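Below is one structure; the comments refer to it alone.
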Protein chains: 2
Amino acid sequence: MKKEALSSSSSGCKTRILAIKDTMEILTGKWKFHIIGSLMLFEKLRFMELLREVDGIGAKMLSKELQDLEMNHLIRRTVLNTKPLTVEYELTDCGRTLGPIIDEIAKWGITYRKTLYHKSETSESLV
Amino acid sequence: MKKEALSSSSSGCKTRILAIKDTMEILTGKWKFHIIGSLMLFEKLRFMELLREVDGIGAKMLSKELQDLEMNHLIRRTVLNTKPLTVEYELTDCGRTLGPIIDEIAKWGITYRKTLYHKSETSESLV
DNA sequence: GGTATTAGTTTCCTTAAAGAAACTACTTTC
DNA sequence: GAAAGTAGTTTCTTTAAGGAAACTAATACC
């Protein structure tokens, strides 16, 4: 057996690893998936509605996360000319393309729980 | 228009949000995807090989992340009875089910970069 | 004028994540 | 016996993430 200097430098691999890094950097943190998930469900939500909908988040975090998502063109922020001034957040077309990722992640989480339960291997994690 | 007390408590939604939270907790951190990706590519890797393959990781981090992944039954650790003692890491069947998620994430990252480039909107992030 | 609602920002603080370097312990080779 | 390779662990330090509470500023209602 010949010993080869392994390392995934083989053309497409680096692009792939970079792409994964990109995606995860954009979706990093405790709240992004929850916020995006809520906006997929409700189409449009105002700041206060998001604050109530995304369970446990504080105003500072929400504000910061929304700015991040807007910077990356995943959501759109619209100031409405209403009496006490309201702001609407919604997914952009680009943001909506995250659907399949979120679906896969949700799907995996559900079947993972099931396999844990079936094996009933002294469920350490996921209580 | 009737105002309803929105909040995604509608049966399946909570399970979905919980499932997403589960998955992201398991795959949290800077390195998990990279480690899993490497093990998908090479089947079996020893500690030192992973240390060289996963670019930038330190021994402490690698050790910790491998323990996390093993606890969650995503990888298997096998001590080989060799001369200077080697340890082999590989994905379990369960770990291999992460394939579709990683594929979706990689796919999204690649097309996201492309749309950024096409729009050429003063590329702030992703340099 | 006092209270409430909107959408945040600011300040202060705690905890978690990550990294660098040194160290253990065993074996093999020179 | 010194050097190098195996697989980690320990210690110490820095940085990033996250949270609670108070605060701003505009408008509306009573």
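Overall, chain B carries a charge dipole of about 260 debye about its Cα centre when +1 sits on the Cβ of Lys and Arg and -1 on the Cβ of Asp and Glu, all other atoms neutral.
Principal-axis analysis of the Cα atoms of chain A puts helix A:12-26 at an angle of about 30° to the longest axis.
Averaged over peptide B:93-103, the number of partner chain Cβ atoms lying within 10 Å of each residue's Cβ comes to 4. Projected onto the charge dipole of the range A:17-118 (+1 at Lys/Arg Cβ, -1 at Asp/Glu Cβ, origin at the Cα centre), which of A:36, A:20, A:62 gives the Cα projection farthest towards the positive end? Going by the Cα projections, it comes out as A:62. A run of chain B free of exposed loop cleavage sites, with trypsin sites (Lys or Arg not before Pro) counted only in DSSP states other than H, G, I, E and B and at most 15 other beta carbons within 10 Å, reaches its longest extent at B:31-127. Peptide A:109-115 has a mean of 6 when you count, residue by residue, the C-beta atoms of other protein chains within 10 Å of its C-beta. Between the range A:19-63 and the range B:10-59, the C-alpha centres lie 21 angstrom from each other. The three principal axes of the C-alpha atoms in the range B:29-118 carry coordinate ranges of 55, 27, 20 Å, sorted with the longest axis first.
At 10 °C and a viscosity of 1.306 mPa s, what translational diffusion coefficient does Stokes-Einstein give for the protein assembly as shown, taking Rh as the Kirkwood radius over Cα pairs? Give it in µm²/s as a whole number. Show your work: numbers first, answer last.
On the way: Rh = 20.3 Å.
Reported coefficient: 78 µm²/s.
For chain A, calculate the relative contact order in percent as a whole number, restricting contacts to Cα pairs under 8 Å that are 6 or more residues apart.
Values: 84 pairs, mean separation 25.1, N = 127.
Here the relative contact order equals 20 percent.
Amide H contacts of residue B:88: B:78, B:79, B:80, each under 5 Å away and 5 or more positions distant or on a separate chain (H built 1.01 Å from N in the peptide plane; Pro and chain starts excluded).
Each value in this text was obtained by applying a stated rule to the coordinates, not by laboratory testing. Here the structure is a predicted model, which means the values were calculated and not measured. Please note: Cβ atoms are built from the backbone with ideal geometry, for glycine as well, and neighbour counts cover all protein chains shown.
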